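This report refers to the structure that appears directly beneath it.
Each reported figure results from applying straightforward, stated rules to the coordinates on display, with no laboratory input. What you see is a predicted model; the values in this text were computed from it and never measured. Glycine gets a Cβ as well: all are built from the backbone with ideal geometry, and neighbour counts include every protein chain shown.
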Amino acid sequence: FNPAADDAAKKPWKDKLANRFGLVEKTLADGRSYLTGEAFTIADAYLFTVTNWSGNLGVDLSAFPRLCAYQARILARPHTQAAMKAEGLV
């Protein structure tokens, strides 16, 4: 989150994120809609929030197509849309 950090300082953290996002990608590989199956949980809300920060931080998620589809599924939820609008994010 430090805008003064150079790319070399950010690289280890981006690599760590990529590793973690890879784990999520594998978790979603079995066709489940959400982290624990077909039911949306608080873990999904938190992961959506964290992955949503990626755009502002310059973290590219395109290597994780299941994660991107997951984000889109959550973003399409009416309550997510309402929360995003209330926070001025959409």
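Full extension of the chain between Asn19 and Ala72 yields a length gain of 17.0 nm, computed as 0.36 nm times the residue separation minus the alpha carbon distance.
With R₀ fixed at 30 Å, the C-beta to C-beta distance from Gln81 to Ala4 puts the FRET efficiency at about 0.30. To the nearest 10 degrees, how steep is helix 65-75 against the longest Cα principal axis of the chain, on a 0 to 90 scale? Approximately 60 degrees, to the nearest 10.
Across region 27-70, the volume of the C-alpha convex hull divided among the residues equals 62 Å³ per residue.
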